[in-house]
1. Of all residues in the stretch 221-266, which are of a type in the set (D, E) and either surrounded by fewer than 17 Cβ atoms within 10 Å (Cβ to Cβ) or part of a helix (DSSP H, G or I) (or both)?
2. Scan the stretch 8-32 residue by residue and report those that are closer than 14 Å to G53 by Cβ, open to solvent by 30 Å² or more (accessible area, probe 1.4 Å) and free of Cβ contacts under 8 Å to residues at least 60 places away in the same chain.
3. Considering only residues of the stretch 52-87 that are within 11 Å of the ligand (Cβ to nearest atom), surrounded by 15 or more Cβ atoms within 10 Å (Cβ to Cβ) and among the hydroxyl-bearing types (S, T, Y), which is farthest from K104 (Cα to Cα)?
4. I'd like the residue in the stretch 171-197 that is within 15 Å of the ligand (Cβ to nearest atom) and farther than 17 Å from A252 by Cβ and, out of all such residues, is least open to solvent (accessible area, probe 1.4 Å).
5. For the stretch 1-48, how many residues are within 18 Å of A74 (Cα to Cα) and part of a helix (DSSP H, G or I)?
6. Among the residues of the stretch 90-113, is any within 18 Å of A286 (Cα to Cα) and modelled with pLDDT of 95 or more?
7. Within the stretch 282-301, which residues are more than 16 Å from the chain's Cα centre (by Cα) and either under 24 Å from T189 (Cβ atoms) or in a loop (DSSP other than H, G, I, E, B) (or both)?
8. Report, by residue number, each residue of the stretch 36-45 that is near the ligand (Cβ under 9 Å from one of its atoms) and either surrounded by fewer than 21 Cβ atoms within 10 Å (Cβ to Cβ) or more than 20 Å from the chain's Cα centre (by Cα) (or both).
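The values are calculated or read from the model by the stated rules, or taken from the named source; none is laboratory data. Just so you know, these numbers come straight off a predicted model, no measurement behind them. Backbone-built Cβ (ideal geometry, glycine too); neighbour counts: all protein chains shown. Only protein heavy atoms, including side chains, enter the accessible area calculation; ligands, DNA and RNA are left aside. Shrake-Rupley method; radii C 1.70, N 1.55, O 1.52, S 1.80 Å.
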Amino acid sequence: MTTKKTIAVVGATGAQGGGLVRAILNDPQGGFAVRALARDVNSEKAKKLAQLGAEVVAANVYDRASLEKAFYGAYGAFCVTFFWEHLSPEKESAEATNMAHAAKRAAVQHVIWSTLEDTRKWVPLSDDRMPTLKGKYKVPHTDAKGEADKVFTDLGLPVTFLLTSFYWDNFIYFGMGPKKGPDGKLALTLPMGDKKLPGIAAEDIGRCAYGIFKRGHELIGKTVGIAGEHLTGSQMAAAFSKALGKEVVYNAVPHAVYRSLRFPGAEDLGNMFQFKHDFNDYFCGARNPETARALNPSLESFEDWLAQNKFRIPLDE
Ligand SMILES: NC(=O)c1ccc[n+]([C@@H]2O[C@H](COP(=O)([O-])OP(=O)(O)OC[C@H]3O[C@@H](n4cnc5c(N)ncnc54)[C@H](OP(=O)(O)O)[C@@H]3O)[C@@H](O)[C@H]2O)c1
């Protein structure tokens, strides 16, 4: 019989949850075991986690009973939502609500809720510096997460609110990497002006979450903001140039231009970057790399991340 504390991980086959699963498995003497939740326990990714030593169980965040069963007997639960699968803030709210209620019913002793700001606290719907989206949001994918904080609080859960940062992995998977411009130069297009963007290796989010669980009760009821580094667009372009061995320039487009780009969620992301730009002191202040490093001593810098991942970035040359 195991005396280890089990952490039930939502999104275990994904970026944030996967990082947490690997962090727990890489520390066999750490006192924790991991239960990876997946919709399909026979998927290649789920089978790989099982091979690494994780207990893999079936659960779907829209099925509260399956979540409750998967959380039952666990010491901790890592909760994350999946906005980019459906682009619906209402679905994201339902996901968060179901996880919170399941954690309550299963009497989990420590919950980490991977959240972001409800930007409407800074930019009310009446503020026309950015358009209101989907009728009642400024940044739908972060507002819905921030709004859901209350569900965890109101249920009296022993929760740590984890404020995450922009994944540098977006340069690989989200089409945000440098692209060749009309002048033939590779350009990093971001609407951040000369402000700093807190960023992080996605894998480090899970490692920091593991650090939070290891602290025990210390961080329950607290908000913990993490980043690997805060960098301007120019600094990121310079790091790209150095890592790739070819010039990358920073193309600081206006927010309105970014919002008009033709990809799903461009308006949402344009507003998100404007929030990070206009409230930069708050936003960076809430995500301290030293806090992240204290939780996760192997925290990667952008240069570290680029050294490992530069070959995976599609350059569209
Ligand atoms: N990209 C960024 O820069 C960034 C920064 C901060 C926060 N975020 C937020 O991160 C969240 C996504 O986290 P991620 O990047 O870790 O996800 P991800 O890598 O896209 O992984 C998606 C995971 O979702 C699971 N999943 C999808 N639908 C599910 C459902 N109905 N029930 C149970 N599991 C389900 C999938 O597992 P199975 O298929 O195995 O079930 C998969 O493991 C989003 O809400 C996003 O807003 C992103």
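1. Kept after step one, since they are of a type in the set (D, E), are these residues of the stretch 221-266: 229, 247.
E247 - this is the single residue of the stretch 221-266 that is of a type in the set (D, E) and either surrounded by fewer than 17 Cβ atoms within 10 Å (Cβ to Cβ) or part of a helix (DSSP H, G or I) (or both).
2. Answer for the stretch 8-32, where residues must be closer than 14 Å to G53 by Cβ, open to solvent by 30 Å² or more (accessible area, probe 1.4 Å) and free of Cβ contacts under 8 Å to residues at least 60 places away in the same chain: L25, N26, P28, Q29.
3. T81
4. Ranking the candidates gives I172 first.
5. Final tally of qualifying residues: 8.
6. First pass over the stretch 90-113, keeping only residues within 18 Å of A286 (Cα to Cα): 112-113.
So of that shortlist, the ones also modelled with pLDDT of 95 or more come out as 112-113.
Within the stretch 90-113 (the criterion being within 18 Å of A286 (Cα to Cα) and modelled with pLDDT of 95 or more), the answer is yes, since at least one residue qualifies.
7. Answer for the stretch 282-301, where residues must be more than 16 Å from the chain's Cα centre (by Cα) and either under 24 Å from T189 (Cβ atoms) or in a loop (DSSP other than H, G, I, E, B) (or both): P297, S298, S301.
8. First pass over the stretch 36-45, keeping only residues near the ligand (Cβ under 9 Å from one of its atoms): 36-41, 43, 45.
Correct list: R39, D40, V41, S43, K45.
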